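Novice: Structure below; questions to follow.
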Amino acid sequence: MASGLGYSGLQKLLHWAVALLVIGMVPAGIVISDFDNKPMVEAWLGAGGFDRLYDLHKNVGVVLLALMALRLLVRAVQGKPPYYPPIPRAERLAAEAVHWALYALLIAVPLLGWIGVSAYPALPDFFGLGTLPGLTGPDRALAESVLAVHGPLGILIGALAVLHVLAALRHGIVRRDGVFARMTSG
Ligand code: HEM
């Protein structure tokens, strides 16, 4: 339960798991979206490394989508602890706007990626469990338009995440107002 002044253990776990996955997903997405990067990736990961990175981006993205669905459910049940001492209204509204934009994008972006590879079709083997189920039938035009939106919105997640980290560090290092500890300390 989000009780007192901090988030619950489950909320912290989901927050840090999603944060770690996003740190990997955005650069991996940028690398795989340009086929010219293949020699560089394969020099590093060996033959077939580009395709493995591509599949990892798709599969980890689907895991991230599931974690985000769980996170929103937990947030709906457990709520969010109040800020104490209260933070200025304008800052609270700005924080809420960034948090909700991140929640929305972290659902929409992996969903668009999954729809894109379903329609292409380019569905990967899901961690040895069989082919990832498709969300649509084959439709190359749909795949191309959906993936053209997925990419820039994925980069927007990266930009908002940087803003979010800078704001958190300002609370933790400059202000020392307890906001940073809500997501870090037990
Ligand atoms: C939160 C999760 C995800 C993030 C943050 C993310 C982010 C990105 C980014 C930043 C790019 C590069 C865009 C560019 O340089 O223009 C990209 C490309 C791509 N992503 Fe994702 N992605 C996510 C989930 C997924 C999922 C779940 C799938 C499929 C199941 C997927 C499939 C792809 C594909 C196929 C490309 C290449 C698109 C192209 O070449 O046009 N992504 N992603």
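Each value in this text was obtained by applying a stated rule to the coordinates, not by laboratory testing. Nothing here was measured: the structure is a model prediction, and the numbers come from that model.
Novice: Along each of its three principal axes, how wide is the spread of alpha-carbon positions in the chain, in whole angstrom units, largest first?
Specialist: Over the chain, Cα extents along the principal axes are 53, 34, 29 Å.
Novice: Run lengths n ≥ 4 of DSSP H only: what is the helix-derived mean residue ellipticity at 222 nm for the chain, with -39500 (n - 2.57) per run over all residues, to the nearest 500?
Specialist: -23500 deg cm²/dmol
Novice: Continuing with this model, one more query. Mean separation of Cα pairs under 8 Å and 6+ residues apart, divided by the residue count of the range 1-160: what relative contact order is that in percent?
Specialist: 26 percent
Novice: Could you work out how much longer the chain between Val77 and Asp125 gets when fully extended? Use 0.36 nm per residue separation minus the Cα distance between them, nm to one decimal.
Specialist: The Val77-Asp125 span can extend by a further 13.9 nm.
Novice: Where a Cα-Cα gap under 13 Å defines reach, which aspartates and glutamates qualify for Lys58, not counting those fewer than 8 residues away within the same chain?
Specialist: Result set, ordered by chain and number: Asp125.
Novice: Would you list which lysines come within 20 Å of Lys12, measuring only between C-alpha atoms, while excluding same-chain residues fewer than 8 positions from it?
Specialist: Lys12 reaches Lys80.
Novice: While we're looking at this one, here's another question. By how many nm would the segment from Ile30 to Ala104 lengthen if fully extended, with 0.36 nm per residue of separation less the alpha-carbon distance?
Specialist: So the chain would gain 24.6 nm between Ile30 and Ala104.
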